[in-house]
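Right, one structure below, let's go through it.
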Amino acid sequence: MKVPRSSGLAALVPFLSLIGHAASINLTVATSGGNSSSSTPIGIMFEDINHSGDGGIHGQLLRNNGFQGDDQNLTAYAAIGSASLAVDSSTPLNSAITHSLAVTVPSDATGEAGFSNEGYWGIPVVAATYNTSFWFKGDFSGALTLRLVGASSGTVFGSASVDVTGSADDWTYVQTTALESNATAPDGNNVWEVVWEDASAVAGKTVWFDLVALYPPTFKNRPNGLDPRIAEVLDQLGGGFLRFPGGNNLEGESEDNRWKWNETIGPVEERPGRQGDWTYPNTDWLGLIEYLEWAEDMNLFNILGVWAGLALNSGGNTPLTGDALQPYIDDVLNELEFLLGDSSTTYGAQRVALGYSEPFPIPYVEIGNEDNLSGGCDSYPERFQRFHDAIKAAYPDIIIIASTNNADCLPSPFPEGAWQDYHTYSARDDLVGQFNLWDNWNRSIPIFVGEYANRDSDEQQWPYLAGAVSEAVFLIGVERNSDVIRLAAYAPTLQHVNGTQWVPDFVSYDASPTGVVKSTSYYVEQIFAANHGDTTREVTSDTAFGPVYWSATADSSSGAYYVKLANYGADVQSVSVSIEGATGSAATTTLTGGETDANTLEAPDTVVPVSGSVEAADGVFTLELPAWSVVVLSTA
């Protein structure tokens, strides 16, 4: 069924003059008819970029803890007292973790000796009990002191003594929850320390350490879980899905360096990690199971990305085709068997052995990532079709998503029931210009807007209000076509401000306990996610679109209406919304401010939603839309 359109003068006029309108805009929302609308249109696109996994949402706070990736060095470590440090490849923890930290104490040492780790440009210290652990090897038995300390202030926020018994021949695992911080640090300039208070106990010796780890209380108290500072913000978004593990970080710089699901499961000491695609190593402690638990804990459904024969080609690689694809098709089927199979299957039994007796729900699988780029277009029709056919033969209920909507890069005919993925990073006027992009789209091919954002330039550090309003206009266009545009996600989702490869970003943070910023773009998605019905309703108008844009949905069970409005202009606009039979008051949520206002670490609450209400007069709600604003009216 074709999506309802606004009638009369409501043809798209994307770039009207931003001079104020003298007359009001009169909208009438239909109380019947319409198209079925996606019930969970907003979600999360995740890949480890900008230290969004390691150093971000993953709860483990110490950096470079397994010396993984291409360049092994002492990043984040510092010696304490008379100790000296070195990265050692001759004393590996095991075949997966092949380097360790050698801590050597001179024979005449006195006083304290040991080492510190500064985490990811600091450690957020809160008043809480920390779970800390490490492996060590060496001829030492006795007491070690673990501390959380202000790097500049010297303030000891927490300290614990642990008795250990070591061996020169074998590695010993040490874990304790005795490290408790008695206060919240004022900033993130803190370190974690391992100290011999009397260095003479190890004078003249070398002791090796590996996989040092420090966790605050995690989101939903999951072992190896998420950092609640960031996870709670994403949970508050109210989204419907999680797409993982990327993104470019799925593809790898080479075939061998792709994201490998089977190397991200099981005990963390058995995960070798890899050099990620965004300049830094990935530990893969945030692995396949952890992604699925993340989705479960936030009530999100899974969109699983799988490798499809295309690496990023920085080394001159070419996509795999023909019979060379078969091992990787088999690998995807093995992954799906691991997630969906019962204990009678080879890989399902592996999952059960890890403690997960029930399968994980996998309703969607996306084949590759942006295969219209990196030299992947010409070969993608074959590659997509082969992966699609193999997955559908084994799991006919899974919906398959192509990683592009570029027809030149897709098989023809396109498989019935499959979806296509559309990405856009656009200057704000260009994003507004895409408002009507889907109005005449083939309704038989559903679209997943897997990545979108206002991006005026690669120097744009923060999402800002007018850019967020342009995103709202784009999303209103998506909602008007939500019979075919099923899901949408801003990207990138997370950014550590000290380790950034891409700006702007949805949620930003530093290492301070309260240093998490919800962007203007975040608030647009949050209020859109909280206000949607299951049916898109036609809206008629006496005015063309621009600078005001609108859409409406209704909830068939409650009878509530949700009207979304965006004023992409510098003048106040008067709008009346008529809903036959509406009485009493409706709730409003308004996001507005100065055109270039942004939420930053220094001013995180510059632009925030404001709640209000408006009374109906004979079924008509009259509103004033501030300049550069997003307003949602809800009769719920």
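Considering only segment 546-581, how many residues are among the aliphatic types (A, V, I, L, M), surrounded by fewer than 20 Cβ atoms within 10 Å (Cβ to Cβ) and closer than 23 Å to N35 by Cβ?
1
Return yes when V156 is without any contact (Cβ under 8 Å) to a residue 12 or more places away in the chain and of a type in the set (V, I, T) and no when it is not. Break it down stepwise before answering.
Working: without any contact (Cβ under 8 Å) to a residue 12 or more places away in the chain: yes; of a type in the set (V, I, T): yes.
When the stated conditions are applied, V156 passes them.
Checking the structure you have, find out if any residue of segment 350-363 is assigned to a helix (DSSP H, G or I), aliphatic (A, V, I, L, M) and out of contact with any Lys or Arg (no Cβ under 6 Å at 6 or more places or on another chain). Steps first, please.
Taking segment 350-363 first, the residues assigned to a helix (DSSP H, G or I) are 350-353.
Pick out the ones that are also aliphatic (A, V, I, L, M) and you get 352-353.
If we keep only those that are out of contact with any Lys or Arg (no Cβ under 6 Å at 6 or more places or on another chain) as well, we get 352-353.
Looking for residues that are assigned to a helix (DSSP H, G or I), aliphatic (A, V, I, L, M) and out of contact with any Lys or Arg (no Cβ under 6 Å at 6 or more places or on another chain), one finds at least one in segment 350-363, hence yes.
Of all residues in segment 502-540 being of a type in the set (A, V, I, L, M, F, W, C) and crowded, with 20+ Cβ neighbours inside 10 Å, which is nearest to A183 (Cα to Cα)? Steps first, answer last, please.
Kept after step one, since they are of a type in the set (A, V, I, L, M, F, W, C), are these residues of segment 502-540: 502-503, 506-507, 511, 516-517, 524, 527-530, 539.
Still in the list and also crowded, with 20+ Cβ neighbours inside 10 Å: 506-507, 511, 517, 524, 527-528, 539.
Details: F506: 30, V507: 26, A511: 16, V517: 22, V524: 35, I527: 34, F528: 37, V539: 55 Å.
Across segment 502-540, the extreme among qualifying residues is A511.
Looking only at segment 320-349, which residues are loosely packed, with under 12 Cβ neighbours inside 10 Å and either outside any helix (DSSP H, G or I) or of a type in the set (G, A, S) (or both)?
Filtering segment 320-349 for residues loosely packed, with under 12 Cβ neighbours inside 10 Å gives 322-324, 327, 330, 343-344, 346.
Scanning segment 320-349 gives G322, A324, S343, S344.
Being of a type in the set (S, T, N, Q) and touching an Asp or Glu at 6+ places or on another chain (Cβ under 8 Å) narrows it down to one residue among S107, S100, S90, S95; which is it?
S100
What number of residues within segment 553-610 satisfy the criterion of being part of a strand (DSSP E or B) and closer than 27 Å to T28 by Cα? Outline the logic, then answer.
The initial filter retains those residues of segment 553-610 that are part of a strand (DSSP E or B), namely 553-554, 561-567, 573-579, 585-592, 598, 610.
Those left that are additionally closer than 27 Å to T28 by Cα: 553-554, 561-567, 573-579, 585-592, 610.
The number of residues fulfilling the criteria is 25.
Could you tell me which of the residues D163, D210 is of a type in the set (D, E), in the same structural domain as V103 (by TED's automatic domain parsing) and without any contact (Cβ under 8 Å) to a residue 24 or more places away in the chain? If you could, list the steps in order and put the result at the bottom.
Values: D210 fails: without any contact (Cβ under 8 Å) to a residue 24 or more places away in the chain.
None of the other options fit; the residue is D163.
Report yes if some residue within segment 138-145 is touching a residue at least 40 places away in the same chain (Cβ under 8 Å) and either closer than 30 Å to I230 by Cα or assigned by TED's automatic domain parsing to the domain that holds G276 (or both); otherwise report no. So that I can check it myself, show each step before the final result.
So the first thing to find is which residues in segment 138-145 are touching a residue at least 40 places away in the same chain (Cβ under 8 Å), and the list is 138-140, 142-145.
Filter once more, so that each one left must be either closer than 30 Å to I230 by Cα or assigned by TED's automatic domain parsing to the domain that holds G276 (or both): 145.
The answer is yes, given that some residue of segment 138-145 is touching a residue at least 40 places away in the same chain (Cβ under 8 Å) and either closer than 30 Å to I230 by Cα or assigned by TED's automatic domain parsing to the domain that holds G276 (or both).
Which residue out of F435, F448 is in a loop (DSSP other than H, G, I, E, B), buried (at least 22 other Cβ atoms within 10 Å of the Cβ) and either not acidic (D, E) or not assigned by TED's automatic domain parsing to the domain that holds L310 (or both)?
Working: F448 fails: in a loop (DSSP other than H, G, I, E, B).
Going through F435, F448 in turn, the sole match is F435.
State whether one or more residues within segment 20-39 are of a type in the set (A, V, I, L, M, F, W, C), at pLDDT below 95 and either under 21 Å from N249 (Cβ atoms) or outside the structural domain of T177 (by TED's automatic domain parsing) (or both). Full working, then the answer.
Of all residues in segment 20-39, those of a type in the set (A, V, I, L, M, F, W, C) come to 22-23, 25, 27, 29-30.
Checking which are at pLDDT below 95 leaves us with 22-23.
Now drop any that are not either under 21 Å from N249 (Cβ atoms) or outside the structural domain of T177 (by TED's automatic domain parsing) (or both), which leaves 22-23.
Yes: segment 20-39 contains one or more residues that are of a type in the set (A, V, I, L, M, F, W, C), at pLDDT below 95 and either under 21 Å from N249 (Cβ atoms) or outside the structural domain of T177 (by TED's automatic domain parsing) (or both).
Could you check, for segment 401-416, whether at least one of its residues is crowded, with 21+ Cβ neighbours inside 10 Å, of a type in the set (S, T, N, Q) and under 27 Å from S521 (Cβ atoms)?
Among the residues of segment 401-416, at least one is crowded, with 21+ Cβ neighbours inside 10 Å, of a type in the set (S, T, N, Q) and under 27 Å from S521 (Cβ atoms), which makes the answer yes.
Looking at (1) of a type outside the set (A, V, I, L, M); (2) under 18 Å from E335 (Cβ atoms); (3) out of contact with any Lys or Arg (no Cβ under 6 Å at 6 or more places or on another chain), can you tell me which one G252 breaks?
(3)
Is there a residue in segment 491-500 that is outside any loop (DSSP other than H, G, I, E, B) and hydroxyl-bearing (S, T, Y)? Working first, answer last.
Step one: of segment 491-500, the residues outside any loop (DSSP other than H, G, I, E, B) are 494-496.
Add one more test, that the residue is hydroxyl-bearing (S, T, Y), and what stays is none.
Looking through segment 491-500, none of the residues is outside any loop (DSSP other than H, G, I, E, B) and hydroxyl-bearing (S, T, Y).
For segment 364-384, enumerate the residues that are surrounded by fewer than 20 Cβ atoms within 10 Å (Cβ to Cβ), in contact (Cβ under 8 Å) with a residue 60 or more places away in the chain and in a loop (DSSP other than H, G, I, E, B).
S374, G375
Residue by residue through segment 581-636, note down the ones that are within 25 Å of the chain's Cα centre (by Cα) and without any contact (Cβ under 8 Å) to a residue 40 or more places away in the chain.
E602, A603, D605, T606
Being touching a Leu at 6+ places or on another chain (Cβ under 9 Å) and of a type in the set (S, T, N, Q) is the filter; apply it to segment 582-617 and report the residue that is surrounded by the fewest Cβ atoms within 10 Å (Cβ to Cβ). Step through it out loud before you land on a result.
First, pick out the residues of segment 582-617 that are touching a Leu at 6+ places or on another chain (Cβ under 9 Å): 586-598, 606-610, 614.
Filter again for of a type in the set (S, T, N, Q), leaving 588-590, 592, 596, 606.
Details: T588: 19, T589: 20, T590: 19, T592: 19, T596: 11, T606: 17.
For segment 582-617, the residue satisfying everything is T596.
Residues A324, A308, A353: which one is out of contact with any strand residue (DSSP E or B) (no Cβ under 9 Å at 6 or more places or on another chain), closer than 19 Å to D371 by Cβ and among the aliphatic types (A, V, I, L, M)? Before you say what the answer is, go through the steps one by one.
Numbers: A308 fails: out of contact with any strand residue (DSSP E or B) (no Cβ under 9 Å at 6 or more places or on another chain); A353 fails: closer than 19 Å to D371 by Cβ.
None of the others qualify; the one that does is A324.
The values are calculated or read from the model by the stated rules, or taken from the named source; none is laboratory data. Quick caveat, the model's predicted, so the values are computed rather than measured. All Cβ positions, even for glycine, are placed from backbone atoms using ideal geometry, and neighbour counts span all protein chains on display.
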